[in-house]
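Colleague: Encoded as structure tokens, here's the structure I'll be asking about.
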Amino acid sequence: MRKIITFLAVVGMFSLQSCTVNDATDYVDHDTIPEAFEIKNVNLGRVADNEYNLKSTFQFEVGGNLFDDETVLVYRLTDIVNSNTPVWQLIPRTIYFNNGDVIDYYFDFSKVDFIITARGSFNLLNAPTFINNQTFRVVIMPSVLAKSVNKNDFSEVMSALNLKENQVQQIKF
């Protein structure tokens with residue numbers, strides 16, 4: 001009898017050792033459907049001489065609902081290389097100028113609305129390229145995946161989400 005109990009204990013030890021869960025890599029989010037939206041060529045509206053924003057309620061569906069375990073990323077188009085390659089910069093972002101001036105881009109996001117803001121240490125009307133004809137991309141992704149991807153690299157984010165350029169939804173304002 002003692003040999004059978006010892007045998008069952010050893011078998012139990014080995015079988016329990018192979019049952020491990022790694023929360024960081026084995027997690028599957030069944031609620032979040034990764035999405036990307038583009039808001040193209042918009043002018044930010046004046047809030048004050050040094051602050052402009054784009055504020056809107058959603059007139060489109062964001063994944064049905066925005067869940068607590070989702071991350072929202074916002075990118076600003078800063079350049080186009082070779083007329084085909086967009087350069088996307090993650091915001092919040094601070095742009096520093098040689099004369100000491102700065103412009104901060106940041107966003108506020110909820111389930112029903114959003115605000116993208118540009119605030120400068122100077123009157124932004126003197127730098128209209130930072131507030132007029134702006135293009136932004138909004139990406140919604142599972143928070144667990146956001147921890148393991150380089151969010152500063154828009155291409156890496158899109159690749160991790162398995163989203164293609166033709167899946168980016170165009171939003172008109």
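Read-outs: derived from the displayed coordinates by stated rules, not from any lab. Small disclaimer: the values here were computed from a predicted structure and weren't measured. All Cβ positions, even for glycine, are placed from backbone atoms using ideal geometry, and neighbour counts span all protein chains on display.
Colleague: Whole-Hz ³J(HN,Hα) for each residue in the stretch 144-157, computed from phi via Karplus 6.51 cos²θ - 1.76 cosθ + 1.60 with θ = phi - 60°, x for glycine and proline: what do you get?
Modeller: Once θ is set to phi - 60°, the couplings for the stretch 144-157 become 5, 6, 4, 6, 10, 10, 6, 5, 6, 9, 4, 4, 5, 4 Hz.
Colleague: Can you sort LEU44, LEU145 by how many other beta carbons sit within 10 Å, fewest first?
Modeller: Ranking LEU44, LEU145 by Cβ neighbours within 10 Å, fewest first, gives LEU145, LEU44.
Colleague: With only Lys, Arg, Asp and Glu charged, each at its Cβ (+1 for the first two, -1 for the last two), find how big the charge dipole of the stretch 30-171 is about the Cα centre; round to the nearest 20 debye.
Modeller: 260
Colleague: Which lysines have a Cα lying under 30 Å from the Cα of LYS151, excluding residues fewer than 8 positions away in the same chain?
Modeller: LYS40, LYS55, LYS111, LYS164, LYS172
Colleague: Take PHE109 and SER56, extend 7 Å from each Cα along the Cα→Cβ direction, and tell me the distance between the two endpoints in nm.
Modeller: Each label point lies 7 Å from its Cα, and together they span 1.5 nm.
Colleague: Just to confirm a number: summing +1 for Lys and Arg and -1 for Asp and Glu over residues other than LEU73 whose beta-carbon lies under 10 angstrom from that of LEU73, what do you get?
Modeller: +2
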